[in-house]
Amino acid sequence: MADLKHRILMVSDFFYPNFGGVENHIYYLSQCLLKLGHKVVVLTHAYGNRSGVRYMTGGLKVYYVPWRPFLMQNTFPTIYGTFPIIRTILLREKISLVHGHQAFSTLCHETLMHARTMGYKVVFTDHSLYGFADVGSIHMNKVLQFTLADVTRAICVSHTSKENTVLRSGLPPEKVFVIPNAVDTAMFKPAQQRLGRDEIVIVVISRLVYRKGADLLVEVIPEVCRLYPNVRFIVGGDGPKRVRLEEMREKHSLQDRVEMLGAVPHASVRSVLISGHIFLNSSLTEAFCIAILEAASCGLLTVSTRVGGVPEVLPDDMIVLAEPDPSDMVHAIRKAISILPNIDPQVMHDRMKRLYNWNDVAERTEIVYNRALKCSDQSLLERLSRDNGESE
């Protein structure tokens, strides 16, 4: 079975030309699966004038279905409105397995449901952590319970994420596998010349939203600038909280020490990272955080909040963790500055090469596919009993 090559349909509302953790994961995983000899097709919605069938590097075929997103890049949930085109793609491409990504994606949920009805094996990857108490999370968890009751196998990007997904969806833990994200170390390399330490540059690259801890930055940055006259901040990213950071910069007269770059294209992320010594991640919730891998691969020492799956990402000597509290984060930055002389960017990059590799992720995902395809088919009555929440 291991030698049998599969025809895989990747499904998500989130894909190129958007850039983010989910988008990169689908792209790099697909490229590595193609190299392993599998056929991979991606299904997503249209982005602007990018509609119809497109081919990407390595012969990756992408269906940009002409549906418009209505909220946060998600298509409008129609349940059965998508069925004819999903069925056509599944049959035309002779798909053997469907792999959906991200719990927020309505296209993913609908495709998994229709694929199971047609008798296909389905795998689902969860990339985020969700709560249990707020209205949005309660609603999302109900949808997830319904969809995942029928999923053949599930993948999470960290052990924390697995625990969260199992609690939210009611999936048996033995059906859920942990396969981390990875980083393209060929793209994220340290600068050829090491930076001097007369001026210490702290880099932040993140969407400036509440979930990413933008409010923490508003309190941390002025205090660090007060303690260290030779520290400068570079903030890349955009979002509703950017105004608060701009106001903080004005209030404390830090225009010359806090550089606001706005949205940074993914192709330019490395050039921003290699201009700094320390990478600061202030997220309030994070299943994995690929940004930390990219920073470490460029040789930056990371300071991050101790949330979600972040403590699982890097060895202790490559990251300084702090509670999501301004004073504790300032203390962590002070500690990071004190150990900077011991950091060799090239050594850190070489370690990242060994630790995180997309080919390794693809091989581990292939094992999950093989196990999913070996599962026995269920009758409609068995499926309905599971959808109603009865035990297996």
Magnitude of the Cβ-charge dipole (Lys and Arg +1, Asp and Glu -1) of the chain about the Cα centre, nearest 20 debye, reported as 1140 debye
Check: in segment 200-353 the Lys pairs 8 or more apart or on separate chains whose Cα atoms fall under 26 Å apart number 5
At a probe size of 1.4 Å, how large is the accessible area of H139, to the nearest 10 Å²? 120 Å²
How large is the accessible surface of H252 in square angstrom, using a 1.4 angstrom probe and rounding to the nearest 10? 90 Å²
D317-R226 FRET efficiency (beta carbon distance; Förster radius 22 Å; 0.05 resolution): 0.20
What accessible area, in Å² to the nearest ten, does a 1.4 Å probe give for L321? 50 Å²
Hey, quick one: spin label on M118, modelled 7 Å out along Cα-Cβ, who in segment 54-76 has an amide N within reach, i.e. under 19 Å? 54, 61-67
Going 7 Å from the Cα of H252 along its beta-carbon direction, which residues of segment 293-318 have the amide nitrogen within less than 14 Å of the resulting point? none
Express in nm, to one decimal, how much length is gained between I367 and H266 on full extension, taking 0.36 nm for each residue of separation and deducting their alpha carbon distance. 33.3 nm
With the other protein chains left in place, how much accessible area per residue, in square angstrom, belongs to segment 200-353 at a 1.4 angstrom probe? 39 Å²
Heavy-atom accessible area of the chain with neighbours in place, 1.4 angstrom probe: carbon+sulfur share in percent works out to 54 percent
Give the lysines whose C-alpha is closer than 25 Å to that of K39, dropping any in the same chain fewer than 8 places away, or say none. K5, K61, K94, K121, K175, K374
Around V320, which amide H atoms from residues at least 5 apart in sequence, or from another chain, sit under 5 Å from its own amide H, with H modelled in the peptide plane? T302, V303, S304
Could you sort R54, R232, R87, R354 by their accessible area in this structure, using a 1.4 Å probe and putting the largest first? R354, R87, R54, R232
Determine the calculated [θ] at 222 nm for the chain from helices alone, applying -39500 (n - 2.57) to every DSSP H run no shorter than 4 residues and normalising by the residue count; nearest 500 deg cm²/dmol. -11500 deg cm²/dmol
Rel. contact order, % - alpha carbon contacts under 8 angstrom, at least six apart, segment 200-353: 24 percent
Just in segment 99-167: which chymotrypsin sites (Phe, Trp or Tyr not before Pro) are loop by DSSP and have at most 16 other Cβ atoms within 10 Å? F132
What is the gain in length, in nm to one decimal, between R197 and Y80 on full extension, counting 0.36 nm per residue of separation less the C-alpha to C-alpha distance? 36.2 nm
Backbone N within segment 326-348 under 15 Å of label point (7 Å from R244 Cα along the Cβ vector): 326-327
Length gained if R87 through H139 is fully extended, taking 0.36 nm per residue and subtracting the Cα-Cα distance, is 16.0 nm
Can you give me the relative contact order of segment 1-126 as a percent, contacts being Cα pairs under 8 Å and 6 or more apart? 28 percent
Considering Cα pairs under 8 angstrom that are at least six residues apart, work out the relative contact order of the chain and quote it in whole percent. 15 percent
Using the Karplus equation 6.51 cos²θ - 1.76 cosθ + 1.60 (θ = phi - 60°), what ³J(HN,Hα) coupling, rounded to whole Hz, does each residue of segment 355-372 give in order, writing x for Gly and Pro? 6, 10, 8, 5, 5, 5, 4, 5, 5, 5, 5, 4, 4, 5, 4, 4, 5, 4
Among rounded, prolate and oblate, which fits segment 200-353 when a ≥ b ≥ c are the square roots of the eigenvalues of its C-alpha gyration tensor, a/c under 1.5 means rounded, and a/b larger than b/c means prolate? rounded
Which of the three applies to the chain, rounded, prolate or oblate, going by the alpha-carbon gyration tensor with a ≥ b ≥ c and a/c under 1.5 meaning rounded? prolate
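The values are calculated or read from the model by the stated rules, or taken from the named source; none is laboratory data. Remember, it's a predicted structure, so these values are computed and weren't measured experimentally. Neighbour counts are summed over all protein chains in view; Cβ atoms, including those assigned to glycine, are modelled from backbone coordinates with ideal geometry. We work out accessible area using only protein heavy atoms, side chains counted, and drop any ligands, DNA or RNA first. Shrake-Rupley method; radii C 1.70, N 1.55, O 1.52, S 1.80 Å.
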